[in-house]
Amino acid sequence: MGGVRSTWRCPRMNALIVPLVLLVLLVACIHCATLTAAENLVGNPGFESGLDGWRVWSRQPNAITATVDEQTVHSGHKSLRLEHQDAQDWSLEPSLRLNTRPGDLLQLECWVKVQGSGSVTLCASTWAGQGRVVEWSAGERTASEASEWQHLTTRIVASAKVAQIQPRLIGYGAVNVWVDDYSVTRGPNLDSMRSANLPPTLRLSNATLIVTFDTTNATLSVQDLRAGRRWTQKPFSNDDVVKNAQVSSGRILCSLFHAPSGLDFDATIQLDDSKPELLVQLSARGELPASLRFPQPFTGEPGDYLVVPMNEGISYPVDDPSISPMRLIAYGGHGICMAFYGVTDGERGQMAILETPDDASIRIDRIGGRLVILPEWDPQRGQFGYTRKLRYVFFVRGGHVAMAKRYRAYAQETGLFKTLEEKRKFNPNVDRLIGAVNVWCWDRDSVGIVKEMRAAGIERILWSNQQTAEHLKALNELGVLTSRYDIYQDVMARTNFPRLRWIHPDWTTNAWPDQIILDRRGNWLRGWGVESRDGALIPCGVICDRFGPEYARQRVPADLASHPYLCRFIDTTTAAPWNECYSPEHPMTRSDSRKWKMELLRYISKDNKLVTGSETGHDAAVPFVHYFEGMMSLGPYRVPDAGRRMSEIWTNVPELVAKFQLGHQYRLPLWELVYHDCVVAHWYWGDYNNKLPALWDKRDLFNVLYGVPPMFMFDRPLWERERARFVSSYQNTCPHVRGVGYQEMIDHRFLTSNRNVQQTRFANGITITVNFGNADYALPDGRVVKAMGFVVDGE
């Protein structure tokens, strides 16, 4: 029979115990180990009897084969080998569906060896009565390709909704997997961990809020005395058990147990003496194998909407059934670019500021059919690490604008804030950026095209494509902000060069293999895939961020010595996540990664005195950059393969692009409300104004409403064919963008309940009203905002 492991073990013996006691305890421990082994509820856990008691399933018929292997085993004499050849999912389940009651704890373990590009996940499905599934993959723990056996372990807690739990092993994609020593054991019911005299609730209050902590389910409720609204949390899971709690010195002090990881952690809940703000701090020591979700989410009411700083910003009505659950990291541009989130009815609201965002994420999901957001504290190199902090803020009025302004104040307090006016004083070329259209043009005659553009009325230009020294001098004399693409992340092995269709001159090739990121299993991190001659994608490695500035110091001054660029675009730096590195020669936490990424951008912008941009955007870089390409383009809602097929013009509009990317009912200018006067936001270079001609006019309306410039991508034939349209796009946006370019956006409001008519206001008094609808709109003074038109006041 295959070996079995479990963490339900007896305590270690104290070497100083008298021999007789030691002998008694030793006998007891041997008996305990025997009982523990017998507690494995899985029959045939090591596949010594083949597939008896197991079932295999795949999405596509005959896509998976299961055979007993006697050569590659973890323990015993046999293992199970699964070969899956399809891109979709599969599952392996023991014939074991366990009845549970609320608070029951199950531990699942197995050993896997993985080959191929797919993944393997240990988890369980949870079931309510009448065969209704609650969750298909609770407690997910995932493994990918590695040369050695990997130990997966997870714990599942039965909530009040769960009546049965089915252990599983699932996977996705083409993969070969060996499975051995699958174990399911029962732990203690979590209710037994609670202190006998623990009060059911604890309370804090100040002049504005009454805060109640429910120790039975670790949730908060907050009564806002100013607004007459109670904000109530509901448990997303039963993962956290309050073992003990008390009120001391105006704070609630809690000891909790995180069931999925087995981690004990402490929470401090502190209400501000006078402000409507609540600080939650979490601390622990020990391993954190998966994210810890705490506190629980505040729930909304019908008519409320979530406020999410995904790139520029988006709102999700809490009762909108079309929104898919998602997880967004706080440590990279393809997540949330500012460390807050909230829910509001348009006036009253509450927000959460992640004060320790480097290892934090948010999850958008549903409770009772309504969308909620909850924080997830990710491990720091496998450990809980430092104290995690989250601040709740409650509002009587102002909705998403009030949230953005509170975060703006937080950014100013924490050093994230630096205005374009300040940056211009250091580098006067910043002024060339303000109100300039960002042009990606692949024609070699850049000077000729720029002269044609200027003659047609397009005067302010950021020319982003690389040029010869002679062309750069001419463009600079024409007042153009001259820029070029650059990247430090991608590292391709030289041995792959003969297989590739093209070799990028900006790869940091010398970083291979000693300066690339290794994951916790010692595997190199896969980055951008490059097309080979046979059509396959060959992945680059990812440079360990501490080496990025070193390569920039070798490259940039030498380039500037002969090519007088005024600007430089650094790809991926703020789009890619802050990464961990497990190389023993250059280990790195996510906080280290952020530090070195920002040092790269600081070196480009300050030491080389270049106007600097980066991809997608994140507010960690606000002090160091001047613009972001991609902030206007919400990452999940771009056209497919936008990063590879940049020049392709789309005549058909994908549903998600129309609904969310250009969906005025959903979008919010959160970034502009916080940082409009600090960083210029652009569309993504595969999602520019003329990318989808059917939506070109609407993109222009977003540009003028938000006070940000357009982006064009073209070659000479497209320029000549669409010259008049390019000119009108520029003239409808850039002069107004120039007028508010250095100004704070102080307000954004919906003038109609369907959000068709929206208005922004800037610190210099300019107000911009845009009508996204198909009917004219009358302003209070009698003026009309035409359908798909706009009005600017105060210029």
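The values are calculated or read from the model by the stated rules, or taken from the named source; none is laboratory data. What you see is a predicted model; the values in this text were computed from it and never measured. With ideal geometry, Cβ positions are generated from the backbone for all residues, glycine too; neighbour counts draw on all protein chains shown. Ligands, DNA and RNA are excluded from the accessible area calculation, which covers all protein heavy atoms including side chains. Shrake-Rupley method; radii C 1.70, N 1.55, O 1.52, S 1.80 Å.
Residues that are closer than 30 Å to Ala330 by Cα, crowded, with 23+ Cβ neighbours inside 10 Å, of a type outside the set (Lys, Arg) and touching a Ser or Thr at 6+ places or on another chain (Cβ under 9 Å) occur in the stretch 548-562; there is at least one. Each residue in the stretch 283-310 was checked for being buried (at least 17 other Cβ atoms within 10 Å of the Cβ) and in contact with a Phe, Trp or Tyr (Cβ under 7 Å, 6 or more places away or on another chain), and 13 pass. Any residue in the stretch 54-62 that is assigned to a loop (DSSP other than H, G, I, E, B), surrounded by 16 or more Cβ atoms within 10 Å (Cβ to Cβ) and at pLDDT 95 or above? No - not one qualifying residue is present in the stretch 54-62.
Do we have Val704 as assigned to a helix (DSSP H, G or I) and either hydroxyl-bearing (Ser, Thr, Tyr) or more than 23 Å from Gln665 (Cβ to Cβ) (or both) here? No. Would it be correct to say that Gly643 is at pLDDT below 95, out of contact with any Leu (no Cβ under 8 Å at 6 or more places or on another chain), open to solvent by less than 50 Å² (accessible area, probe 1.4 Å) and within 30 Å of Val307 (Cα to Cα)? For Gly643, the condition - at pLDDT below 95, out of contact with any Leu (no Cβ under 8 Å at 6 or more places or on another chain), open to solvent by less than 50 Å² (accessible area, probe 1.4 Å) and within 30 Å of Val307 (Cα to Cα) - is met.
Screening Val657 against (1) without any contact (Cβ under 8 Å) to a residue 40 or more places away in the chain; (2) open to solvent by 10 Å² or more (accessible area, probe 1.4 Å) leaves a single unmet condition, (2). Residues that are open to solvent by less than 20 Å² (accessible area, probe 1.4 Å) and not in a helix (DSSP H, G or I) were ranked within the stretch 729-746; the one that is nearest to Arg667 (Cα to Cα) is Met745.
Against the list (1) at pLDDT 95 or above; (2) closer than 20 Å to Leu656 by Cβ; (3) polar (S, T, N, Q); (4) open to solvent by 30 Å² or more (accessible area, probe 1.4 Å), the condition Ser324 fails is (1).
For the stretch 707-728, residues that are in a helix (DSSP H, G or I) and buried (at least 23 other Cβ atoms within 10 Å of the Cβ) total 1. The residue pairs whose first member lies in the stretch 278-292 and is touching a residue at least 12 places away in the same chain (Cβ under 8 Å) and farther than 28 Å from Thr121 by Cα, whose second member is buried (at least 21 other Cβ atoms within 10 Å of the Cβ) and among the hydroxyl-bearing types (Ser, Thr, Tyr), and whose beta carbons are closer than 8 Å, counting only pairs six or more residues apart or on different chains, are Leu278/Tyr392; Leu279/Tyr392; Val280/Tyr392.
When residues in the stretch 507-519 are screened for being of a type outside the set (S, T, N, Q), in contact (Cβ under 8 Å) with a residue 40 or more places away in the chain and more than 30 Å from Val112 (Cα to Cα), 1 of them pass. Restricting Gly541, Gly522 to residues that are in contact (Cβ under 8 Å) with a residue 12 or more places away in the chain, touching a Gly at 6+ places or on another chain (Cβ under 7 Å), more than 26 Å from Thr356 (Cα to Cα) and open to solvent by less than 50 Å² (accessible area, probe 1.4 Å) narrows the list to Gly541. Scanning the stretch 251-262 for residues that are surrounded by fewer than 18 Cβ atoms within 10 Å (Cβ to Cβ) and either under 22 Å from Gly349 (Cβ atoms) or among the aliphatic types (A, V, I, L, M) (or both) yields one hit, Leu253.
Checked against the criterion of being touching a helix residue (DSSP H, G or I) at 6+ places or on another chain (Cβ under 7 Å), farther than 30 Å from Ser315 by Cβ, open to solvent by 10 Å² or more (accessible area, probe 1.4 Å) and touching a residue at least 60 places away in the same chain (Cβ under 8 Å), the candidates Glu585, Glu599, Glu580 yield just one match: Glu580. The one condition from (1) open to solvent by 10 Å² or more (accessible area, probe 1.4 Å); (2) farther than 21 Å from Lys423 by Cβ; (3) of a type in the set (Lys, Arg); (4) touching a residue at least 40 places away in the same chain (Cβ under 8 Å) that Lys691 does not meet is (1).
Of the residues making up the stretch 263-282, those that are surrounded by fewer than 21 Cβ atoms within 10 Å (Cβ to Cβ) and not in a loop (DSSP other than H, G, I, E, B) are Leu263, Asp264, Asp266, Thr268, Gln270, Glu277, Leu279, Gln281.
If the condition is being acidic (Asp, Glu) and assigned to a strand (DSSP E or B), then the stretch 530-555 contributes only Glu531.
Yes or no: the stretch 419-430 includes at least one residue that is at pLDDT 95 or above, under 24 Å from Arg568 (Cβ atoms), hydrophobic (A, V, I, L, M, F, W, C) and buried (at least 18 other Cβ atoms within 10 Å of the Cβ). Checked against the condition, which is being at pLDDT 95 or above, under 24 Å from Arg568 (Cβ atoms), hydrophobic (A, V, I, L, M, F, W, C) and buried (at least 18 other Cβ atoms within 10 Å of the Cβ), the stretch 419-430 yields at least one hit. Of the strands (runs of 3 or more DSSP E) lying entirely inside the stretch 583-688, those carrying at least 1 residues that are of a type in the set (Val, Ile, Thr) are 611-615, 680-682. Report whether or not Ser532 is more than 20 Å from Ser593 (Cβ to Cβ) and open to solvent by less than 10 Å² (accessible area, probe 1.4 Å). So Ser532 passes the test. The single condition among (1) surrounded by 19 or more Cβ atoms within 10 Å (Cβ to Cβ); (2) without any contact (Cβ under 8 Å) to a residue 40 or more places away in the chain; (3) under 25 Å from the mean Cα position of the chain (by Cα) that Thr121 does not meet is (2).
The residues in the stretch 283-324 that are part of a loop (DSSP other than H, G, I, E, B) and under 22 Å from the mean Cα position of the chain (by Cα) can be counted, and the count is 21. Note on the stretch 221-249: residues that are more than 22 Å from Leu263 (Cα to Cα) and among the aromatic types (Phe, Trp, Tyr) total 1. Do we find a residue being farther than 30 Å from Ala207 by Cα, open to solvent by 40 Å² or more (accessible area, probe 1.4 Å) and not small (Gly, Ala, Ser) anywhere in the stretch 387-406? No; the residues of the stretch 387-406 include none that is farther than 30 Å from Ala207 by Cα, open to solvent by 40 Å² or more (accessible area, probe 1.4 Å) and not small (Gly, Ala, Ser). A single member of Arg749, Arg755 is under 29 Å from the mean Cα position of the chain (by Cα), more than 24 Å from Ile461 (Cα to Cα) and in a loop (DSSP other than H, G, I, E, B), and it is Arg755. Here the stretch 477-519 is the region considered, the condition is being out of contact with any strand residue (DSSP E or B) (no Cβ under 6 Å at 6 or more places or on another chain), assigned to a helix (DSSP H, G or I) and not acidic (Asp, Glu), and the residue that is most open to solvent (accessible area, probe 1.4 Å) is Arg494.
If the condition is being in a helix (DSSP H, G or I) and open to solvent by 40 Å² or more (accessible area, probe 1.4 Å), then the stretch 465-476 contributes Glu470, His471, Lys473.
Could you list, in sequence order, the residues of the stretch 133-151 that are open to solvent by 40 Å² or more (accessible area, probe 1.4 Å), in a strand (DSSP E or B), farther than 18 Å from Pro325 by Cα and touching a residue at least 24 places away in the same chain (Cβ under 8 Å)? Scanning the stretch 133-151 gives a single hit, His151.
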